[in-house]
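*Asks:* Provided herewith is a single structure, encoded as structure tokens, for subsequent inquiry.
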Amino acid sequence: MKKLLMLAAIAASVGAVTVSPAQAVTGHFTPDNEHNYVVLIAFYDANGQFVWRCSGSLLNDSTVLTAGHCTDKAGGAAMAIVWASQEGGAQYNGTSVLEDPLTGYPNECLNSATYPCATAGFPGGTGGLVEYGYGGAVFLHGDNKDVGLVILDNPISTVDGNYASLAAANAVDALPTGTPVTFSGYGVSSEPHVLSLRERLMATGFIIGTHSNTTNRFNVLVSNSPGGGRGGTCFGDSGGPLLYDSTDIILGVTSFGTNGNCAGTGYYYRVDQPSVLAWIVANAKGDVNIVSLP
């Protein structure tokens, strides 16, 4: 969290508005028992100390798509634990390994039918964090390359065996204002009070635009307004998917917002960019499904 606050401060010094990495579904949300490929990711430094948490999407049983500021090695991230359950380990009660009293997360990954989990980049593992090129907090008016991959040390199985798909190249360009979208992720809700549930939540919203001066075609601008029964993202959903309508097709990953109370609008880094798709396919462990929008 200290790192995320620092990023917000740096961004505020160079922009006309305060921007900060996004992190949790807010507004009119419901528990998400539908998108079982959406996972909670706890990141740790090289010494095994917890640094931050994000959300992500399993593209297959060994590859998680998330935000670049989540996999930021320069910021301290070195390895991760991924939970593929609606509660994300929040209600974990171990007998041999107690929860970390500071973070509430288990101190290690004990894979089970109730709390499927896997490590990434742990000693002896074959996975790790892969960076696209995120280089800091210049979120507005440019390409901050805010996308990353978490490659698991061992495969993980979702409850229903389903995984997310990626929108085909340049698919977002054809989407008009008002196109419905779905958010999913873990973390903090800001309404009516700040709550850290560590549960997967979902909400719906709509696209405002993709070609404004602030998006520069690298981001999708989406309403975070709770009006009309909708919701948005807030602190804790970084890296979670922006899904096209009610499908399992990812248009972008939750990147940043311009309001400290998670109101107004949110920005989602586009994964349908040809260069991003090529990078994902080249670095994923296993096949990735890329589809046209229905």
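The values are calculated or read from the model by the stated rules, or taken from the named source; none is laboratory data. Bear in mind that the values here come from a model prediction, so they are computed numbers and not experimental data. So basically every Cβ, Gly included, is an ideal-geometry build from the backbone, and we count neighbours across all protein chains shown.
*Asks:* What do you reckon, is Leu195 at pLDDT below 85, of a type outside the set (Lys, Arg) and in the same structural domain as Gly68 (by TED's automatic domain parsing)?
*Replies:* The answer is no for Leu195.
*Asks:* Given the conditions (1) crowded, with 22+ Cβ neighbours inside 10 Å; (2) in contact with a helix residue (DSSP H, G or I) (Cβ under 8 Å, 6 or more places away or on another chain), and given that Arg53 satisfies all but one, which numbered condition is not satisfied?
*Replies:* Going through the list (1) crowded, with 22+ Cβ neighbours inside 10 Å; (2) in contact with a helix residue (DSSP H, G or I) (Cβ under 8 Å, 6 or more places away or on another chain), Arg53 breaks only (2).
*Asks:* Please enumerate the residues belonging to the stretch 5-61 that are assigned to a loop (DSSP other than H, G, I, E, B), at pLDDT below 90 and touching a strand residue (DSSP E or B) at 6+ places or on another chain (Cβ under 6 Å).
*Replies:* Scanning the stretch 5-61 gives Val19, Ala22, Ala24, Val25, His28, Phe29, Asp32.
*Asks:* For the stretch 62-105, give me each residue that is modelled with pLDDT under 90, within 26 Å of Tyr268 (Cβ to Cβ) and polar (S, T, N, Q).
*Replies:* The answer is Ser85, Gln86.
*Asks:* Something else now. Looking at (1) at pLDDT below 95; (2) of a type in the set (A, V, I, L, M, F, W, C); (3) crowded, with 20+ Cβ neighbours inside 10 Å, which one does Leu149 not meet, given that it meets all the others?
*Replies:* Condition not satisfied by Leu149: (1).
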